[in-house]
1. For Thr225 paired with Lys265, estimate the spin-label separation in nm (one decimal), with each label point 7 Å from Cα along the Cα-to-Cβ line.
2. For the range 185-296, take N as its residue count and report Rg(C-alpha) divided by 2.2 N^0.38 Å.
3. Around Ser171, with a cut-off of 12 angstrom between Cβ atoms, what is the net charge of the other residues, counting Lys and Arg +1 and Asp and Glu -1?
4. In whole Hz, what ³J(HN,Hα) sequence does the range 126-143 give by Karplus (6.51, -1.76, 1.60; θ = phi - 60°), x for Gly and Pro?
5. Out of all DSSP beta bridges in the chain, what portion is antiparallel? Express it as a percent rounded to 5.
6. Would you please give the residues with an amide H less than 5 Å from that of Ile111, counting only those at least 5 places away or on a separate chain, with H modeled from the backbone geometry?
7. Suppose only helical runs count, i.e. DSSP H with n ≥ 4. What mean residue ellipticity at 222 nm does that imply for the chain under -39500 (n - 2.57) per run, divided by all residues and rounded to the nearest 500 deg cm²/dmol?
8. Sort by residue number and name the cysteines in the chain that have no neighbouring cysteine Cβ under 4.7 Å.
Amino acid sequence: MNNVEKVHCLIIGSGPAGYTAAIYASRAGLQPVLYQGAEPGGQLMLTTEVENFPGYPHGILGPQMMSDLQEQASRFGADIRTGVATRVDFSTSPKKVIIDDEKEIHADAVIIATGASAKWLGLESESRLRAGGVSSCAVCDGFFHRGKPVAVVGGGDSAAEEASYLAKICSKVYLVVRRDKMRASQIMQKRVMSLPNVEILWNTETVEILGEQTVTGARFRNVLTNEIREIELSGFFVAIGHQPNTAIFKDYLALDEQGYIITRKGSTHTNIEGVFACGDVQDKIYRQAITAAASGCMAALDAERYLATLEIH
Ligand code: NDP
């Protein structure tokens, strides 16, 4: 490849982990280059109010927090660029990372902060209607269903949050839970169950989303009774968890059975020297903005120490 650039410290991903790594790495003089990836700002771009990040007594909007983090990283000289890492070769040093299939970065240290993306049910009608009312983001698309009925699939905190958000905008929200209980925290469950226009469909799976160009309804099945119920809908929201964005690393990095990068306990070191991982791409347990940011800080400090040893040798 003709288009080759050598960098000291490369950061892939732009959620709280990536930006925090960029803040620490730039202040440490590592001149980090950060590629924002396919979803600049990460999952916090899809949320509204963040109320549990320490230091914001009145909360802050997710997108605002990400724009502040980007500004903070830029202020100390981090080189923040648009572009997606499409391939890597970690068999050599420096490590090779291909951006948008056209540019090759040679990096002494690589910090992976590519996060996790929304999971889908896998129905044909779901992918066909993705641009016609099927969504994984209530904050992004709820507005289109103002005053109309919608469904949210899932039983975790995301589903509870999406349903609560949509209940403010839509006439009715059906929360479709596949078991007889929700996985969401007690406080979120209580909140969503107290809303008068939210109806929970327990033990229910989606058979098909109905509509040609746009969603008109969905067909649900009660898994205990086999009863089929068709409900008229304007929007269909899927909130069933996330998949770590690790496909391009699988040939080099040790991943767990769900595809999350395995890091050495108490650190951000992967199984390859000079490659570090932070944020949701290596954390399926906590998955909070604050824990992602904290591990981004750890990755920058680990990278700094690693780069210092390279200079000695
Ligand atoms: P979770 O993995 O916690 O929950 C996924 C939910 O989707 C489960 O109820 C699961 O059902 C259900 N599900 C999975 N696959 C299917 C399927 N094919 N069909 C139907 N239902 C399905 O994911 P979340 O995204 O909700 O949360 C992830 C993490 O982020 C959690 O730790 C959560 O606490 C946190 N979070 C916190 C928020 C907050 O505090 N404000 C907001 C959003 C998330 P089952 O239970 O049967 O497996």
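A short reminder: the numbers here are calculations on the coordinates, not readings from a lab. Model, not experiment: these values are computed from the prediction. Note that each Cβ is placed from the backbone with ideal geometry, even for glycine, and that neighbours are counted across all protein chains shown.
1. Using points 7 Å along Cα→Cβ, the separation is 5.0 nm.
2. Dividing the Cα radius of gyration by 2.2 N^0.38 Å gives 1.52.
3. On the way: positive: Arg146, Lys148, Lys168, Lys172; negative: Glu199, Glu232.
Value of the local net charge: +2.
4. Karplus-based 3J(HN,Hα) across the range 126-143 equals 5, 6, 4, 9, 4, 9, x, x, 8, 8, 10, 9, 5, 5, 6, 10, x, 3 Hz.
5. 45 percent
6. Leu10, Ile11, Ile12, Phe276
7. -7500 deg cm²/dmol
8. That list is Cys9, Cys170, Cys278, Cys297.
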